[in-house]
Amino acid sequence: MNKSALSALAAAALFVSLGASAQMHPVSKVEPEFPREAQLASIDKGRVKARLTIDAGGEVTRVDIVEANPRRVFDRAVTRSLSQWRYEPGAAGRTVEVELDFKIQ
C-alpha cells in the first residue's frame with residue numbers, strides 16, 4: 001500500500017483537554033499516518049494519549065506518550081505528527097493532552 005493510502009487510513013484525532021488547557025485547540029495540525037509496521041503485524045486499531053508542551057509562540061516543544069494501546073506501535077507516528085501541530089501564541093510551558101485513535105478504514 002502506498003504512503004498516501006496509508007495516510008488515508010489514519011483515523012481522525014479525538015481531542016481531550018484537561019484542567020486549564022480546556023480552551024486550547026490546535027490552529028494547524030498534521031494527521032498521523034497509520035504505521036506500515038502495524039499493518040504488517042495485523043494490528044488494525046489503537047489509541048495513544050499524549051501530553052504536549054507548547055511554547056510562547058504556539059509551537060509544540062515536547063511530546064510525551066502517556067498511554068498507548070497497543071504499546072509502542074503508534075508512538076513514533078504520533079510523536080512525528082504532534083510535533084508539527086501549532087497552537088495560538090500564549091504562555092510558555094502550557095500543556096494539553098490529546099488522544100489519537102487509529103483504525104484501518
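Observations
- Subset of region 71-89 that is loosely packed, with under 14 Cβ neighbours inside 10 Å and in contact with a Gly (Cβ under 8 Å, 6 or more places away or on another chain) - its residue that is nearest to Arg47 (Cα to Cα): Glu88
- So Ala77, is it modelled with pLDDT under 95 and not in a strand (DSSP E or B): no
- Single unsatisfied condition, Thr61 versus (1) in contact with a strand residue (DSSP E or B) (Cβ under 6 Å, 6 or more places away or on another chain); (2) assigned to a helix (DSSP H, G or I): (2)
- In summary, Glu67 fulfils each of the numbered conditions (1) surrounded by 14 or more Cβ atoms within 10 Å (Cβ to Cβ); (2) in contact with a Lys or Arg (Cβ under 9 Å, 6 or more places away or on another chain); (3) at pLDDT 95 or above; (4) among the acidic types (Asp, Glu) with the single exception of condition (1).
- Any hit, region 42-53, residues being assigned to a loop (DSSP other than H, G, I, E, B) and in contact (Cβ under 8 Å) with a residue 60 or more places away in the chain: yes
The values are calculated or read from the model by the stated rules, or taken from the named source; none is laboratory data. Given the structure is predicted, the values throughout are model-derived calculations rather than measurements. Virtual Cβ from ideal backbone geometry, glycine too; neighbours counted across all protein chains shown.
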